[in-house]
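Provided herewith is a single structure, encoded as structure tokens, for subsequent inquiry.
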Amino acid sequence: MGKSTDLARAKAHRLKGMKKESDGIALGDERMKAEGRQEQEAARREEERARALRGASGH
């Protein structure tokens with residue numbers, strides 16, 4: 001995949017986690033809230049990796 005695509009995918013994954021966390025808060029579902037936070041953290045790592053690859057290639 002292209003480096004821009006990887007970064008966009010990671011950002012979308014982070015937004016999905018934010019939504020899940022928000023839904024968990026609204027529903028009072030601690031498990032859903034925790035899953036959303038975990039997804040966000042994983043997406044942040046994906047974003048960092050995509051940015052590092054992007055920077056290494058000179059773009």
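The values are calculated or read from the model by the stated rules, or taken from the named source; none is laboratory data. Since we're looking at a predicted model, the values are computed, not measured. Note: ideal-geometry Cβ built from the backbone for every residue, glycine included; neighbour counts use all protein chains shown. SASA here: full protein model, heavy atoms, side chains in, ligands and nucleic acids out. Shrake-Rupley method; radii C 1.70, N 1.55, O 1.52, S 1.80 Å.
crowded, with 17+ Cβ neighbours inside 10 Å and out of contact with any Ser or Thr (no Cβ under 8 Å at 6 or more places or on another chain): is that true of Ala50 in this structure? Before you say what the answer is, go through the steps one by one.
Details: crowded, with 17+ Cβ neighbours inside 10 Å: yes; out of contact with any Ser or Thr (no Cβ under 8 Å at 6 or more places or on another chain): yes.
Here the answer is yes, as Ala50 does meet what is asked.
So the check is Cβ under 6 Å with 6+ separation or different chains; which pairs have a first residue in segment 45-59 that's modelled with pLDDT under 85 and a second one that's assigned to a helix (DSSP H, G or I)?
Short answer, once both residue conditions are applied: Arg54/Lys3.
Select from segment 24-39 the residues that are open to solvent by 50 Å² or more (accessible area, probe 1.4 Å) and either under 11 Å from the mean Cα position of the chain (by Cα) or touching a residue at least 12 places away in the same chain (Cβ under 8 Å) (or both) and list them in ascending order. Spell out how you get there, then give the answer.
So in segment 24-39, the residues open to solvent by 50 Å² or more (accessible area, probe 1.4 Å) come out as 25-32, 35, 37-38.
Those that are open to solvent by 50 Å² or more (accessible area, probe 1.4 Å) and either under 11 Å from the mean Cα position of the chain (by Cα) or touching a residue at least 12 places away in the same chain (Cβ under 8 Å) (or both): Met32, Glu35, Arg37, Gln38.
Right, another one. Going by what's in this entry, would Arg14 be described as assigned to a helix (DSSP H, G or I), without any contact (Cβ under 8 Å) to a residue 24 or more places away in the chain, open to solvent by 50 Å² or more (accessible area, probe 1.4 Å) and of a type outside the set (Val, Ile, Thr)?
Numbers: assigned to a helix (DSSP H, G or I): yes; without any contact (Cβ under 8 Å) to a residue 24 or more places away in the chain: no; open to solvent by 50 Å² or more (accessible area, probe 1.4 Å): yes; of a type outside the set (Val, Ile, Thr): yes.
No, not satisfied.
Shifting gears a bit: Just give me the residues in segment 1-11 being in a helix (DSSP H, G or I), touching a Lys or Arg at 6+ places or on another chain (Cβ under 8 Å) and surrounded by fewer than 15 Cβ atoms within 10 Å (Cβ to Cβ), in sequence order.
Answer for segment 1-11, where residues must be in a helix (DSSP H, G or I), touching a Lys or Arg at 6+ places or on another chain (Cβ under 8 Å) and surrounded by fewer than 15 Cβ atoms within 10 Å (Cβ to Cβ): just Ser4.
When Arg45 is evaluated against the numbered criteria (1) of a type outside the set (Gly, Ala, Ser); (2) open to solvent by less than 80 Å² (accessible area, probe 1.4 Å); (3) under 10 Å from the mean Cα position of the chain (by Cα), which criterion, by number, is the only one it fails?
Of the numbered conditions (1) of a type outside the set (Gly, Ala, Ser); (2) open to solvent by less than 80 Å² (accessible area, probe 1.4 Å); (3) under 10 Å from the mean Cα position of the chain (by Cα), the odd one out for Arg45 is (2).
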